[in-house]
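One structure coming up, written as structure tokens, with questions to follow.
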Amino acid sequence: MRLPLIPHPTSRADGLALEVETRRAGDVLSLEYTLTGPVETVLWPQGAARTRSDDLWRATCFEAFAATADGYVEYNLSPSGAWAAYRFNGYRQGMRPFDMAAPFIVTRRAPGLFVLTADVALPAGATGATGLTAVIQRMDGSVGYWASSHSSDKPDFHHPDTFALELK
């Protein structure tokens, strides 16, 4: 399934467009984020080892959220190759690392195009409700918050209403 992500009303698109294609196969969620337009204006994180790292959302980062019967899991996928995954008991509560194998993050870049692909492990009990999001930092210092839907006047990817996609 391919769907567009839209910038939060407080964010500027400035010619960028973002889509994400998703596939679920059992306990694996496959993600392919495609950013088109003036991608040369994006501030890309420096390449890094494929390691778990906190605070990736403070820079350009692609994210996904998967609801479970007892909370949700957040995935942060950096174009640098770094990643993070966290389990929550409820809305922004009980944050702790989610243990999973390191996702293999692949990126491709061409004029006017950036693509990031990754497969992430879904937790036991994943319900199918999913939120797809991205933080896009520009060279001019502006930051855009993109999601399949926005539920409040401030960007809030953790809000349950942003888990708008139902993956079977």
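Looking only at strands (runs of 3 or more DSSP E) that fall completely inside region 1-84, which ones have 1 or more residues that are at pLDDT 95 or above, crowded, with 21+ Cβ neighbours inside 10 Å and touching an Asp or Glu at 6+ places or on another chain (Cβ under 6 Å)?
61-68, 71-77
Could you count how many residues in region 12-44 are farther than 15 Å from residue 62 by Cβ and not acidic (Asp, Glu)?
The number of residues fulfilling the criteria is 11.
Within region 123-163, take every residue that is outside any loop (DSSP other than H, G, I, E, B) and of a type in the set (Ser, Thr, Tyr) and give me the one that is surrounded by the most Cβ atoms within 10 Å (Cβ to Cβ).
Going through the qualifying residues, I end up with 133.
How about region 85-95: which of its residues are surrounded by 13 or more Cβ atoms within 10 Å (Cβ to Cβ) and in contact (Cβ under 8 Å) with a residue 24 or more places away in the chain?
Selection gives 85, 87, 88.
Something else now. Considering only region 96-116, state which residues are among the aliphatic types (A, V, I, L, M) and either over 21 Å from residue 27 (Cα atoms) or crowded, with 21+ Cβ neighbours inside 10 Å (or both).
110, 113, 115, 116
The values are calculated or read from the model by the stated rules, or taken from the named source; none is laboratory data. Model, not experiment: these values are computed from the prediction. Note: ideal-geometry Cβ built from the backbone for every residue, glycine included; neighbour counts use all protein chains shown.
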